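Participant: Below is one structure. I have some questions about it.
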Amino acid sequence: MILRATALLAGTALVAALALAAAAPAHARAADLPVRASDPAGDVVVFDGGGTKPTTGQRTSIDLRSFSAVERGDGVRFSFTIARIVAGRTFDQVVAVSFGRDAFQLLANPQQKKGTAVGAAICSVDVSTTRATGTVRVDVPDRCLPDGAGVLRVSAYLQKKNGSGPGFSEDTLRVPGQVSLH
């Protein structure tokens, strides 16, 4: 009796799983723009920088709060909100976006208002900031954006002046699902 009930339950579960699989699309459709994501405050990873400069307050200034990507004219505007935009002689704040597997990289420095996008082409990009709100906006032309869908990973970090990569602190977020930038 127990064996027959187990076989009946297993058969019912198999039929339900097959029906669900038939109803689901072969692959999920990528989200279109606009894309918005938020990141919890206070989740910055502070690395041992060997010393007291930059200060802990400066290291946590890159705390991501929100991110968006919206179509704008002939391209996409990426907007980052960080805790605050600060100046420093020994460090740079950097906001970054990566897309897919090395299909696209965007790096922007809010202090110097300079940025580079590497994708279908290598482009210098326009960077603007609003210090009062900690907002960094980066406009990337269509010709620099990758085709297809992929995963967007967003980060902000504090590095040595003219250095590379996170040296002092980093905050990251992954935009859920896949995104198409065109």
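The values are calculated or read from the model by the stated rules, or taken from the named source; none is laboratory data. Keep in mind it's a predicted model, so treat the numbers as computed, not measured. Note: ideal-geometry Cβ built from the backbone for every residue, glycine included; neighbour counts use all protein chains shown. All accessible areas refer to the heavy atoms of the entire protein, side chains included, with ligands and DNA or RNA removed. Shrake-Rupley method; radii C 1.70, N 1.55, O 1.52, S 1.80 Å.
Participant: In the range 125-137, which residues are under 19 Å from Asp39 (Cβ atoms), in contact with a Lys or Arg (Cβ under 7 Å, 6 or more places away or on another chain) and not small (Gly, Ala, Ser)?
Facilitator: Thr129, Arg137
Participant: Further, regarding this structure: Scan the range 81-105 and report the pairs whose first residue is outside any loop (DSSP other than H, G, I, E, B) and whose second residue is among the small types (Gly, Ala, Ser) and at pLDDT below 95, with Cβ atoms within less than 6 Å and a gap of 6+ or a chain change.
Facilitator: Phe99/Gly150; Phe104/Gly119
Participant: Can you tell me how many residues in the range 142-158 are in a strand (DSSP E or B) and in contact with a Leu (Cβ under 6 Å, 6 or more places away or on another chain)?
Facilitator: Looking only at that region, the number is 2.
Participant: Now a separate question. What's the number of the only condition in (1) open to solvent by less than 20 Å² (accessible area, probe 1.4 Å); (2) over 17 Å from Glu170 (Cα atoms); (3) in contact with a Gly (Cβ under 7 Å, 6 or more places away or on another chain); (4) not charged (D, E, K, R) that Val76 fails to meet?
Facilitator: If we test Val76 against (1) open to solvent by less than 20 Å² (accessible area, probe 1.4 Å); (2) over 17 Å from Glu170 (Cα atoms); (3) in contact with a Gly (Cβ under 7 Å, 6 or more places away or on another chain); (4) not charged (D, E, K, R), just (3) comes out false.
Participant: Of the residues that make up the range 117-133, is at least one closer than 30 Å to Thr55 by Cβ, modelled with pLDDT under 95 and among the charged types (D, E, K, R)?
Facilitator: No, there is no match, as no residue in the range 117-133 is closer than 30 Å to Thr55 by Cβ, modelled with pLDDT under 95 and among the charged types (D, E, K, R).
Participant: Further question on the same structure: Going residue by residue through the range 47-61, is there one that turns out to be of a type in the set (Asp, Glu), at pLDDT 90 or above and at negative phi?
Facilitator: No, that holds for no residue.
Participant: Give the residue, chosen from Ala87, Ala83, Ala108, that is at pLDDT 95 or above and either open to solvent by 70 Å² or more (accessible area, probe 1.4 Å) or in contact with a Ser or Thr (Cβ under 6 Å, 6 or more places away or on another chain) (or both). Give the derivation first.
Facilitator: Numbers: Ala87 fails: at pLDDT 95 or above; Ala108 fails: either open to solvent by 70 Å² or more (accessible area, probe 1.4 Å) or in contact with a Ser or Thr (Cβ under 6 Å, 6 or more places away or on another chain) (or both).
Being at pLDDT 95 or above and either open to solvent by 70 Å² or more (accessible area, probe 1.4 Å) or in contact with a Ser or Thr (Cβ under 6 Å, 6 or more places away or on another chain) (or both) holds for just one of Ala87, Ala83, Ala108, which is Ala83.
Participant: Quickly run through the range 137-175 and pick out the residues that are of a type in the set (S, T, N, Q) and surrounded by 16 or more Cβ atoms within 10 Å (Cβ to Cβ).
Facilitator: Ser155, Gln159, Ser169, Thr172
Participant: When only residues in the range 111-127 that are assigned to a strand (DSSP E or B) and open to solvent by 40 Å² or more (accessible area, probe 1.4 Å) count, which is farthest from Val44 (Cα to Cα)? First the steps, then the outcome.
Facilitator: Step one: list which residues in the range 111-127 are assigned to a strand (DSSP E or B), which gives 114-118, 122-127.
Imposing the further condition that a residue be open to solvent by 40 Å² or more (accessible area, probe 1.4 Å) reduces the set to 114, 116, 118, 122, 124, 126.
Values: Lys114: 23, Thr116: 24, Val118: 26, Ile122: 30, Ser124: 28, Asp126: 26 Å.
Only one residue tops the list, namely Ile122.
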